[in-house]
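The values are calculated or read from the model by the stated rules, or taken from the named source; none is laboratory data. Quantities reported herein were computed from a predicted structural model and do not represent experimental measurements. Here Cβ is always computed from backbone atoms with ideal geometry, including for glycine, and neighbour counts include all displayed protein chains.
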Amino acid sequence: MSGKVSGVKGMNDLLPPDSSVWQHVEQTVRELFARFGYQEVRTPVVEDTALFVRSVGEATDIVGKEMYTFEDKGGRSLSLRPEGTAPAARAYIEHAVANQEPVTRWFYMGPMFRYERMKTGRYRQFHQIGAEAYGASEAAQDVELMDMVVQLLEALELKDISLNLNSLGDETCRPAYQEQLVAYLQAHRDELCADCQARLERNPLRVLDCKNERCQAVVAASPDIQTFLCEPCRAHFDEVKRKLDLLGIHYVVNPRMVRGLDYYTRTAFEFIASHPALGTASTVGGGGRYDRLVKQLGGPDVPAVGVALGLERLCLLLASEAGRYAAPPDLFVAFADAAAAEQGFVLVSRLRKAGLRVEFDPRGGSLKSQMKRADRTHARYALVLGENELASGKGQLKPMQGGEPIPVALDEVAAALVTR
Ligand code: HAM
């Protein structure tokens with residue numbers, strides 16, 4: 001067979017200069033999350049399929065329709081991770097982290113996989129920035145995470161992103177709500193799409209996040225979960241709102257926002273952008289509390305809350321800034337002849353060792369073509385090495401944005417550049 005092999009649909013290559021935007025976001029995350037005491041965890045991209053079935057939920061679209069599941073050569077059913085919360089919880093349990101410290105704060109960045117219909121901002125391999133906090137059931141923990149996201153969005157200078165907030169109750173109060181919801185949806189069964197008619201039997205809460213317009217119209221008048229909350233859930237939700245107010249974080253309570261995963265209890269939230277670059281994929285991040293999950297996966301009874309943001313979506317919002325984050329070379333060295341190329345090669349290596357960003361054209365060629373190359377790299381300065389420079393040990397730093405050349409001794413180039 002011959003011919004071109006293409007990349008997999010929905011899985012993207014990331015090339016410069018876009019990669020510099022990603023690096024900027026990743027670096028901002030690392031700096032900011034460290035200030036909040038979150039440490040990095042890395043788990044494999046493949047997990048036992050049962051992990052996601054038992055956490056995200058069998059009746060969710062993510063597990064039911066979108067997972068990349070395969071059998072390995074030993075006959076085990078494995079899946080590419082569609083999200084990061086369940087793998088992190090698995091690792092938390094497996095390494096008995098709860099025995100080592102009462103409160104654990106982790107973050108991760110990495111690829112996730114969902115077989116979704118593709119559009120702008122929706123891919124089959126995408127990347128999440130996630131944070132999970134184990135051990136505290138207090139509202140302060142929920143709000144700390146939301147504050148961390150708000151500060152991240154501010155650090156990235158992203159505006160017009162609103163925080164939607166809800167409480168999903170718990171095993172005490174959700175059943176009564178669910179019963180009313182089912183009764184209501186049954187009465188409107190004929191107006192629901194075929195998928196939602198099936199969801200009605202298997203997992204009625206999922207009807208609330210159906211994207212079909214007719215289903216949304218039915219959902220808009222459905223019972224309000226807020227009116228069903230039991231006293232402890234109500235108190236927790238009130239405290240979350242009070243603490244958000246305390247920090248001056250704006251939010252909108254949206255009683256029909258239930259998230260697409262089954263493990264949540266109490267707080268659920270989403271950050272939604274109004275920017276046209278995202279089309280219908282306007283949710284840049286979401287999360288919530290999942291106080292039962294760790295125990296449900298065979299671990300100790302430890303409460304937890306977390307959030308994940310879509311890296312592609314954040315970067316789409318920053319796309320117009322590509323180039324702003326690329327770091328150009330400090331210096332481009334051009335060689336007039338073979339002798340200069342020989343000595344210049346050593347000089348370039350030394351300058352890099354001294355901490356400077358330096359480039360040259362390994363193909364050599366005419367000075368004119370090398371200077372053209374220097375231009376394209378957006379180097380701040382150029383240095384031409386020829387017979388005269390080698391003989392005198394002196395050269396000239398040419399500012400590439402214009403201006404007078406600066407005389408410099410060849411063994412002081414590094415110092416001269418650092419002071420500029
Ligand atoms: P999620 O809402 O499924 O939550 O995903 C979080 C974010 O990942 C979304 O808001 C979106 O920005 C991004 N995302 C999801 N699917 C795609 C896709 N196909 N293409 C591009 N971006 C996508 C979770 O995954 C939970 N684990 C969040 C969490 C953490 N809850 C508690 N802790």
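Summary table below
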read-out	value
Failed item, numbered, when Asp238 is tested on (1) of a type in the set (D, E, K, R); (2) surrounded by 14 or more Cβ atoms within 10 Å (Cβ to Cβ); (3) away from the ligand (no atom under 16 Å from the Cβ)	(2)
Those residues of region 117-164 which are modelled with pLDDT under 95 and touching a helix residue (DSSP H, G or I) at 6+ places or on another chain (Cβ under 9 Å), in sequence order	Thr120, Gly121, Lys159
Candidate set from region 380-409 (those that are part of a loop (DSSP other than H, G, I, E, B) and small (Gly, Ala, Ser)); member that is surrounded by the fewest Cβ atoms within 10 Å (Cβ to Cβ)	Gly402
Index of the failed condition, Gln401 passing every other in (1) more than 29 Å from Trp22 (Cα to Cα); (2) free of Cβ contacts under 8 Å to residues at least 40 places away in the same chain	(1)
Gly169 among the small types (Gly, Ala, Ser) and within 15 Å of the ligand (Cβ to nearest atom)	no
For Asn99: the one exception among (1) at pLDDT below 95; (2) surrounded by fewer than 18 Cβ atoms within 10 Å (Cβ to Cβ)	(1)
Residue match in region 237-244 (condition: within 22 Å of Lys159 (Cα to Cα) and touching a Phe, Trp or Tyr at 6+ places or on another chain (Cβ under 7 Å))	yes
Unique residue being near the ligand (Cβ under 7 Å from one of its atoms), within 29 Å of Pro102 (Cα to Cα) and in the same structural domain as Val63 (by TED's automatic domain parsing) when the list is Tyr263, Tyr290	Tyr290
Count of region 88-142 residues which are under 19 Å from Gly298 (Cα atoms), away from the ligand (no atom under 11 Å from the Cβ), among the charged types (D, E, K, R) and in contact (Cβ under 8 Å) with a residue 60 or more places away in the chain	1
Condition check for Ala414: among the small types (Gly, Ala, Ser) and either free of Cβ contacts under 8 Å to residues at least 60 places away in the same chain or touching a Pro at 6+ places or on another chain (Cβ under 9 Å) (or both)	no
Verdict on Leu152 being of a type outside the set (Val, Ile, Thr), more than 9 Å from the ligand (Cβ to nearest atom) and crowded, with 21+ Cβ neighbours inside 10 Å	yes
Test result for Leu278, modelled with pLDDT under 95, within 11 Å of the ligand (Cβ to nearest atom) and touching a strand residue (DSSP E or B) at 6+ places or on another chain (Cβ under 8 Å)	yes
In region 77-131, residue nearest to Glu26 (Cα to Cα) [restricted to those that are among the polar types (S, T, N, Q) and more than 17 Å from the chain's Cα centre (by Cα)]	Thr104
Ala277 vs. criteria under 24 Å from the mean Cα position of the chain (by Cα) and either buried (at least 21 other Cβ atoms within 10 Å of the Cβ) or part of a loop (DSSP other than H, G, I, E, B) (or both)	no
